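Report on one structure; see the data block that follows.
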Amino acid sequence: MTALGDIEQAVPRTRRYCPTEVLRAYARRKAEIDRLIAAGFLLGLSTRKIGEALLPLLGRPVSPATVSRVARSLDDAVLAFHARALGGRYRALILDGVVLSRKTGAGALKRPVLVALGLRHDNRREIIDYQLAASESERDWERFLGSLERRGLREDCFEIVCVDGGRGLLAALPTVYPGKPVQRCWAHKIRNVLDKLRKADRDAARDGLRNIMNARTEPAARSAARDFADRWEKDYPNAVKCLREDMDRLVTC
């Protein structure tokens, strides 16, 4: 099977000549077709939909079983990614838990994936590693961070840690990376604060929070925070409290 359609190949069977230099043994598809199938799988298409998507290109369907076999070839690459040595240099280590749905025989099951991103010195983000976990508990985060540290991601590899404020993660950080400055994620904090306001006031409050976030110095940020509190504390005391209780870690950067 090729991108131009099916091609018949006559492969001689002889003790004196091995045709696998020309054609991989028992191959039914060119390598480019397997790459297309794997790409569709990585994009999130089901095994059935991949066959449907490739039908106009190939002229005949690819079975779900074939897609599954090709997808299993990615396992070695995934294992190698999780086992590779670490030790790059980053401006910040960004940690977060992303909840994803997994298909099971009894329906979808939501599980968190613990993710470590590195903000490089060229301002690009790099996926350092990820791990499926039972929860975002201190134990799960400690296990994940410990694996990163043992593979080479030590304290001198990054300047600060950026977190979303989950209790499990905050409790695990001092065990693996004691003493590293911690920056609270502004995206999470802004959402948390705005959730405590009426919709009519959220745009104005968002501008005030961005003034704090984008301040160039810590004194300027604290001054903008006072302005925010003066304007909103009377009507939304819980929103101002939500900002104030994490203010020290919001200006670490």
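The values are calculated or read from the model by the stated rules, or taken from the named source; none is laboratory data. Small disclaimer: the values here were computed from a predicted structure and weren't measured. Positions of Cβ are generated from backbone atoms using ideal geometry, with glycine treated the same way; all protein chains shown enter the neighbour counts.
Look at segment 142-157: where a residue is outside the structural domain of residue 120 (by TED's automatic domain parsing), no partner that is exposed (fewer than 14 other Cβ atoms within 10 Å of the Cβ) and part of a helix (DSSP H, G or I) sits 6+ places away or on another chain with Cβ atoms under 7 Å.
Within segment 115-127, residues that are over 10 Å from residue 91 (Cβ atoms) sit with their Cβ atoms under 7 Å from residues that are of a type in the set (D, E, K, R) and part of a strand (DSSP E or B), at 6+ positions apart or across chains, in these pairs: 115/96; 116/129; 117/125; 117/126.
Of the set (1) over 21 Å from residue 250 (Cα atoms); (2) within 14 Å of the chain's Cα centre (by Cα), all apply to residue 97 but (1). How about segment 211-226: which of its residues are part of a loop (DSSP other than H, G, I, E, B) and buried (at least 16 other Cβ atoms within 10 Å of the Cβ)? Selection gives 215 alone. Does residue 96 satisfy being under 30 Å from residue 45 (Cβ atoms) and in contact (Cβ under 8 Å) with a residue 60 or more places away in the chain? Judged against the criteria, residue 96 is a match. All conditions in (1) part of a helix (DSSP H, G or I); (2) surrounded by fewer than 18 Cβ atoms within 10 Å (Cβ to Cβ); (3) at pLDDT below 95 hold for residue 180, with the sole exception of (1). Checking segment 45-54 against the condition returns no match, with no residue being at pLDDT below 80, touching a Leu at 6+ places or on another chain (Cβ under 9 Å), surrounded by fewer than 11 Cβ atoms within 10 Å (Cβ to Cβ) and not assigned by TED's automatic domain parsing to the domain that holds residue 129.
Beta carbons closer than 9 Å, at least 6 apart along the sequence or on distinct chains, pair a first residue in segment 61-84 that is over 13 Å from residue 46 (Cβ atoms) with a second that is among the hydrophobic types (A, V, I, L, M, F, W, C) and in a loop (DSSP other than H, G, I, E, B) for 70/62.
Residues are listed down the side, and each one gets a yes or a no for (1) part of a loop (DSSP other than H, G, I, E, B); (2) modelled with pLDDT under 95:
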{"residue": "209", "(1), (2)": "no, no"}
{"residue": "228", "(1), (2)": "no, no"}
{"residue": "235", "(1), (2)": "yes, yes"}
{"residue": "249", "(1), (2)": "no, yes"}
